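**Student:** Okay, handing you the structure first.
The values are calculated or read from the model by the stated rules, or taken from the named source; none is laboratory data. If you're wondering where the values come from, they're calculated on a predicted model, not measured in any experiment. FYI the Cβ positions are ideal-geometry reconstructions off the backbone, even for glycines, and counts take in every protein chain you see. Please note that ligands, DNA and RNA were not included when accessible areas were found on the heavy atoms of the full protein model with its side chains. Shrake-Rupley method; radii C 1.70, N 1.55, O 1.52, S 1.80 Å.
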Amino acid sequence: MSTIAETINLDKKYGVKQLSVQALHNINLKLHQGEFVAVLGESGSGKTTLLNILGTLDTPTSGKVVIGGKDLLNLNEKAVVKLRREKIGLIFQFYNLIPVLTAFENVELPMIISGVPRREAQKRAYELLAEVGLSNRANHRPEELSGGQQQRVAVARSLANKPMLILADEPTGDLDSATGEQVMKLLQKLSKEQGSTVLAATHDASILKLADRALRMKDGKIVSDEKVR
Amino acid sequence: MTFVAMLKISLLQIKRKKFRTAILIVSVMLALSLLIGLNAGVNGLQKTYHNLVGTSLGYTDLIIKSNTTTPTFSTQTFEPLLHDDAIAAYSYRVQYWMPFASANGQFNGTSGGYLVGINPQVEDNFGSYKIVDGDYASISQALADEGNCVLEANFADRLNVHVGDSLMLGYFDIAEPLPEQPSQTLNLTVVYIIQDYGRTYWFDAKDPTSFARVNSDITVNLNVAQALFCLKPTDTTQVYIHLTDLKQARSVQVNLQNELGSDYVVGNLKATMYESVEQNFAAYQTITYIIGGMALMIAAILLLNTMLANVSERKREIGIMRSIGASKTQVFGEFIAELLPVAFVGALASIPLSMVAALAITSILPAGYVANVGTASAIEFSFPLSTLGYGISIGITLTLIVGLVPALLACKVKPVEALYPHMRRFHTRKKGKILLPTAGLAAVLLGLLLVQNGFSASSSWFPTATALIGYVATLTGAVLVASAFLPMLSKAFAQLLKPFIAQASVVVHRNITLNFRRSVFSYGALAISIAVLVSFSSLVTTAAAYNIAVNKQSIGADMQVWVNAPATFADQLKAVEGVQEVAGVGYISYGQSNMAFNGQQQASITVTGIASKDYFGAIYQTHLTDTLDDMPAEQVYSLLDESNGSIILQESLARNLTAQVGDTIIWSITNQTGTHQQALKVIATADLVAGRWETIAHFAKGYYTAIVSFGDMQSFRHALLKSNVDEFYVSLKPSADVTQVVNDLTQTCKDAGYNPTIYTAKDTLAQTQASFDQTEMLAVSVTAFFVVVGALGITAATAYTVTERKREIGVLTALGMNKRQNRVIIAGEALLLALIGTSVGVVSGLGLSLFAINAIPWWANVPTPSLVMSPFTISVAAVVISVAALLSAIYPANRISKLNTVEALRQ
């Protein structure tokens, strides 16, 4: 399996001098194509920071991050944005859908931003909504959807540009366990179908059942990295 | 939580939100400055005119005049009546038309003037004047010597006499038949030339409330005037009275009138003039209140919108406060407390700016003309503390009242919803979306009705208070009606953002439509302000264009050369290079002439006597409505070239007399020696001559006129001791250099011994244009204030939404939007709102102007004007609106650039 993301000696510090917090310490990680990786750890262990850096939303203090064979340090802002747009999909705990847009428009949005032709984007948005079982809710705005439905829209949105890497930060954190499991199964299924790698940070042990591999983090370090299936 | 703790939180918020607090303060400050500044400016104007009345009239509070055919009366008649505690001083005068005045001892072609005989012992207190030339300390001192006289500057200029010259006055006994030459003459030395501020007033005994300034006067010692007109030392023509207290003017007037009976008229001069000033300025003050009120209304919308956005942005904070024990009252108090510094600092900061605004307005305000008070040369600067006091009180009270709504909404926020931002709900009330446009439509209809009534009740293009209230209602209504088109407009304008953010422009469009109330407030404030700018300035420019057209007609010719010369002098004037036609005319003024036909009578008719038919070539236009035997106009004009007893009657005059073409009317005049009359045949009627006749509908009431040949007028002119024509109408060749022609005409007159006064159409039109340019500048400057305040509203509201939408922007970044695109999302919203506001403002402003133009009772018989926008207004509006739009977008866009995506997503 090819490596689609890699971190080498990754460090991340917040704050300055005595007040600084070491959020990530010497993280060396490789993510392979089509893997479903669960990141487990308590609050403050560095899960979200790792996802943010891999998602190019944050930058490391030191170390190297390579995504799709590209070293982020060598990319300018424009290239980073392009990479994020085309290669990465993000899912958040609180769904983070654009409140003024409908479910359909939320799914369509990443493709619009990437410059996918309108007709093609619309076709794919419908397909994805159908895949997550929300064809009948396409014209509803987030406030008119349940938490589970919103997260399913978020899943569909993350898959819109067929990214190589999907980063999910506590995707079931705001859902009941049954709904959470349903959403994660859906994510697993769809990502597998298009060959995307999923890295999901979670407290939820049930996600482990779906994962190929589990990373455990503590105090900014990866304390274990094991195959679970 | 204690009040102090609450206040601390409020102050922290203010400190954290410096820019927005500053915007609120600036908006309150701008609106208040406009209100206070405008008021202070009008106060200054009022004070100026008040002082002008005081200066002009000095001690003169009441005037007594004869109401019989004999203008003189004996002081003995009512001397005892003047010994009253209410009367502080009085002065007898003799004021008469002085037919013969000459500097060279010859009375050919000389000018007459009003001779005013005064009592030097008391006169200095009865009016104000400025010494132009002369060595005496006062008029009293100068006229203590009965061989001296004092001339008014214009009159001295006309006679071309200076201090030290000898002036010959000629007179005749009233009992004599009218002489060709004076029966007696008197030489006086000119010792003083003054600029008269109106120390001498004449009033019509038939209408004691109408006063006129006496210009061209020769002031002499009372004894000289009495001798000149063969009067006894106890005879007088007017008594000037000064009261101990002006408040008693009315009662003293009534008492004196009762005592004196109907043979005398007691004129309440000063009180009437003050009342005229008060009445004029009461209307101006109301208008300034309404304009200032409009500015405050826009600031209030801004304030309300910003504070509502503030509540929306801080829902989470409110939720936390409520969850840790803050009561609704305390949340309410916190929001009100935040507005206190805005209200107080805004109000106090407006003081210096108000003074600047007052100074600017004072310098721009046209020094107009009030009744017969005169024209003020400069407007006095006035900044009364009371104006400042009520302005500040209004500002503070309004700010706090406006703050009540968001504060009440803040305390109603549900803690659970507030603590979980992803549970945000859009309160899109469908009812509101129907109610607002419906209410707006009602407001527009009501407003238009008020505009219609306001204008039709006045006789001017200047909006009355009612019309202005109509403006406010119409424009507010238009903004509400436009809310029905908000989705359509926002979607249409969002297309403009597509080159930058493609279909993501839908995010901008949706934010505008889903945040309905905020959007309506935001574009509404700007729309009203732009509409005010567009409608006011276009109203001024349209009125200017109309006045120019009317003035052009009224002037009648390219030039009017006022010179008292024989009619044949026209030939010399016609020889001047560039001159096309010249025709002399003489007038017999309305006070002296009457006409009668078939038992019908009409008094006060001004008759123009034309010295040649060239008159019709020299003037701009004549429109004959009927001619004898349907003869062509040229034939009518030819008939008037000879003294054959023909007359052209003004159409309304003919109607009043029930006379038609072919009828013979009787024209009569009355002078000191009796009544003279002659019969004239009506050969035509006209409704337009030199643009003057029926054209000025407003002034035409009571203004009657006719044309005869100068020859037919000669006997009457002789009866009035006038043998020359009064002026020459001049038309120019198209290639003529107006300045050069004026110089050449002046020289020609001077070479012949005359001192002409020349009015050119070009100058008069330029003066009219300049006066309107000034008014337009004032309107644009004042309304530009409005636009700035309106734009600040969009800035403030959008700036708040940046904080509120941090998470949304974070998500967009996570989805691959770059910083530029994010800036477009936020700035685009501000720009779209500015565009919507501008569109609604321009359309409603122009629409309202078109309506107003049709509602204004345009007073002259020139075509109703079409809407005119001056390049100046268009450029200023374009610049102000562009700056306003940029201003509203730059700050929020700048804030977006500094957004930390990770932090935004954590919220």
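**Student:** Could you work out how far the C-alpha centroid of the stretch B:293-326 sits from that of the stretch B:79-95, in angstrom?
**Tutor:** One Cα centre to the other: 69 Å.
**Student:** How big is the charge dipole of the stretch B:559-735 about its Cα centre, in debye rounded to the nearest 20, if each Lys and Arg gets +1 on its Cβ and each Asp and Glu gets -1 on its Cβ?
**Tutor:** Values: 9 positive and 17 negative charges, 107 e Å.
Once rounded to the nearest 20, the dipole reads 520 debye.
**Student:** Follow-up. Residue-wise, which Karplus ³J(HN,Hα) couplings in Hz belong to the stretch A:196-209, taking 6.51 cos²θ - 1.76 cosθ + 1.60, θ = phi - 60°, and x for glycine or proline?
**Tutor:** 7, 8, 10, 10, 10, 7, 7, 9, 7, 5, 5, 5, 3, 4
**Student:** Suppose only helical runs count, i.e. DSSP H with n ≥ 4. What mean residue ellipticity at 222 nm does that imply for chain B under -39500 (n - 2.57) per run, divided by all residues and rounded to the nearest 500 deg cm²/dmol? Could you put the intermediate results ahead of the total?
**Tutor:** Working: 29 runs with 492 residues, N = 907.
That comes out to -18000 deg cm²/dmol.
**Student:** Also, I was wondering about something else. Distance from the Cα centre of the stretch B:8-60 to that of the stretch B:821-844, in angstrom?
**Tutor:** The two parts, judged by their Cα centres, are 30 Å apart.
**Student:** Let me ask another. May I ask you to derive the FRET efficiency for residue B:187 and residue B:82 from their Cβ-Cβ distance with R0 = 35 Å, giving the value to the nearest 0.05?
**Tutor:** On the way: r = 34 Å, r/R0 = 0.98.
Computed FRET efficiency for residue B:187 and residue B:82 comes out at 0.55.
**Student:** Using 7 Å Cα-to-Cβ label points, what is the residue B:18/residue A:123 separation (nm, one decimal)?
**Tutor:** Taking the two extended label points, one gets 5.5 nm.
**Student:** Quick one: 3J(HN,Hα) in Hz for the stretch A:211-218, Karplus 6.51/-1.76/1.60 with θ = phi - 60°, rounded, Gly and Pro as x.
**Tutor:** Here the 3J(HN,Hα) series is 7, 8, 8, 10, 10, 10, 10, 8 Hz.
**Student:** In nm, what is the difference between 0.36 nm times the number of residues separating residue A:185 and residue A:203 and their Cα-Cα distance?
**Tutor:** 4.9 nm
**Student:** Enter the buried accessible area of the A/B pair, total of both sides, probe 1.4 Å, in Å² rounded to the nearest 100.
**Tutor:** Details: alone 11120 and 37810 Å², together 46350 Å².
In total, chains A and B hide about 2600 Å² from solvent.
**Student:** Filter the DSSP H helices in chain B by two things, a Kyte-Doolittle mean of at least -0.5 and an axial alpha-carbon span of 24 angstrom or more, and list the hits by number. Kindly include the intermediate steps, with their values, before the conclusion.
**Tutor:** On the way: long enough: B:18-57 (56 Å, 0.94); B:269-313 (65 Å, 0.79); B:328-364 (51 Å, 1.47); B:385-411 (38 Å, 1.89); B:430-456 (39 Å, 1.04); B:465-482 (25 Å, 1.85); B:516-555 (55 Å, 0.95); B:761-804 (63 Å, 0.68); B:819-855 (52 Å, 1.11); B:871-897 (38 Å, 1.47).
Those that clear 24 Å and a mean of -0.5 are B:18-57, B:269-313, B:328-364, B:385-411, B:430-456, B:465-482, B:516-555, B:761-804, B:819-855, B:871-897.
**Student:** For the protein assembly as shown, what does the equivalent ellipsoid look like in terms of its semi-axes, each the square root of 5 times an eigenvalue of the Cα gyration tensor, given largest first in whole Å? Intermediate results must be reported in sequence, preceding the final value.
**Tutor:** Details: eigenvalues 1532, 204, 115 Å².
Its equivalent ellipsoid spans semi-axes of 88, 32, 24 Å.
**Student:** Let me ask another. Using modelled backbone amide H atoms (1.01 Å from N, in-plane), which distant-in-sequence or interchain residues come within less than 5 Å of residue B:148's amide H?
**Tutor:** Close amide H contacts, sequence-distant or interchain: B:189.
**Student:** Would you mind calculating the relative contact order of chain A from Cα pairs under 8 angstrom and at least 6 residues apart, reporting the percent as a whole number?
**Tutor:** This gives 28 percent for chain A.
**Student:** Contact order normalised by length for chain B, with contacts defined as Cα pairs under 8 Å and 6 or more residues apart; what percent is it? Intermediate results must be reported in sequence, preceding the final value.
**Tutor:** Numbers: 1792 pairs, mean separation 143.9, N = 907.
Over chain B, the number comes to 16 percent.
**Student:** Sort B:669, B:890 by accessible area with a 1.4 Å probe, largest first. Spell out each step's value before the answer.
**Tutor:** Working: B:669 0, B:890 105 Å².
Accessible-area ranking of B:669, B:890, largest first: B:890, B:669.
**Student:** While we're here: Would you kindly state how much longer the chain becomes between residue B:635 and residue B:138 on full extension, computed as 0.36 nm times their sequence separation minus their alpha carbon distance, in nm to one decimal?
**Tutor:** Details: separation 497, 0.36 × 497 = 178.92 nm, distance 5.92 nm.
Gain on stretching residue B:635 to residue B:138: 173.0 nm.
**Student:** Count the net charge of all other residues whose Cβ sits under 15 Å from the Cβ of residue B:540, scoring Lys and Arg as +1 and Asp and Glu as -1.
**Tutor:** Within the 15 Å Cβ shell, the charges total -2.
**Student:** Follow-up. What's the angle, to the nearest 10 degrees (0 to 90), between helix A:147-159's Cα axis and the longest principal axis of chain A?
**Tutor:** With rounding to tens, the tilt is 80 degrees.
**Student:** Under the definition of Cα pairs under 8 Å and six or more residues apart, what whole-number percent is the relative contact order of the stretch B:447-522?
**Tutor:** Working: 57 pairs, mean separation 17.5, N = 76.
Over the stretch B:447-522, the number comes to 23 percent.
**Student:** I've got another one for you. Hey, got the average number of other protein chain Cβ atoms within 10 angstrom for residues in A:106-114? Kindly include the intermediate steps, with their values, before the conclusion.
**Tutor:** Details: counts 2, 0, 3, 9, 6, 3, 9, 10, 3.
Per residue, the number of nearby Cβ atoms from other chains is 5 on average.
**Student:** Can you pull the accessible area of residue A:8 for me, 1.4 Å probe, Å² to the nearest 10?
**Tutor:** That residue has around 60 Å² of solvent-accessible surface.
**Student:** Right, something else. What spacing in nm lies between the two simple spin-label points modelled at residue B:89 and residue B:397, each 7 Å away from Cα in the Cβ direction?
**Tutor:** Roughly 4.5 nm, to one decimal.
**Student:** Could you work out the helix-only [θ] at 222 nm for chain A, with each DSSP H run of four or more residues adding -39,500 (n - 2.57) and the total divided by the number of residues, to the nearest 500 deg cm²/dmol?
**Tutor:** Details: 7 runs with 80 residues, N = 229.
Counting only the DSSP helices, I get -10500 deg cm²/dmol.
**Student:** Quickly work out the residue B:666-to-residue B:589 label distance, labels modelled 7 Å from Cα along the C-beta direction, and quote it in nm with one decimal.
**Tutor:** 2.6
**Student:** Cα centroid distance between the stretch A:104-138 and the stretch B:239-276, in Å?
**Tutor:** 90
**Student:** If you take every DSSP beta bridge fully contained in the stretch B:559-735, what fraction is antiparallel? Give it as a percent rounded to 5. Don't skip to the answer; put the middle values down first.
**Tutor:** Working: 38 of 49 bridges.
Roughly 80 percent of the DSSP beta bridges within the stretch B:559-735 come out antiparallel.
**Student:** Please work out the Kirkwood hydrodynamic radius for the stretch B:527-651, using every pair of different C-alpha atoms, and report it in angstroms with one decimal place.
**Tutor:** On the way: mean 1/r = 0.0555 Å⁻¹.
When all Cα pairs of the stretch B:527-651 are included, the Kirkwood radius is 18.0 Å.
**Student:** Which percentage, to the nearest 5, of the DSSP beta bridges contained in the protein assembly as shown is antiparallel?
**Tutor:** On the way: 106 of 145 bridges.
Antiparallel bridges: around 75 percent, rounded to the nearest 5.
**Student:** Between residue A:71 and residue A:11, how high is the FRET efficiency from 1/(1 + (r/R0)^6) when r is the Cβ-Cβ distance and R₀ = 22 Å? Nearest 0.05.
**Tutor:** Details: r = 16 Å, r/R0 = 0.72.
Once rounded, the FRET efficiency stands at 0.90.
**Student:** Rolling a 1.4 angstrom probe over the protein heavy atoms, how many square angstrom per residue are accessible across the protein assembly as shown?
**Tutor:** Numbers: 46350 Å² over 1136 residues.
Roughly 41 Å² per residue, with all protein chains present.
**Student:** If the chain between residue B:743 and residue B:344 were fully stretched, how many nm would it gain, using 0.36 nm times the residue separation less the Cα-Cα distance? List each step's numbers first, then the result.
**Tutor:** Values: separation 399, 0.36 × 399 = 143.64 nm, distance 6.14 nm.
Gain on stretching residue B:743 to residue B:344: 137.5 nm.
**Student:** Hey, another quick one. As an exercise, use a Förster radius of 45 Å and the Cβ-Cβ distance of residue B:759 and residue B:286 to find the FRET efficiency, rounded to the nearest 0.05. All intermediate terms of the calculation are to be shown ahead of the outcome.
**Tutor:** On the way: r = 36 Å, r/R0 = 0.79.
Efficiency for this residue pair is about 0.80.
**Student:** Counting only residues 5 or more places away or on other chains, whose amide H sits under 5 Å from the amide H of residue A:167 once H atoms are built in the peptide plane?
**Tutor:** Those lying under 5 Å, H to H, from residue A:167 are A:89, A:90, A:91, A:199.
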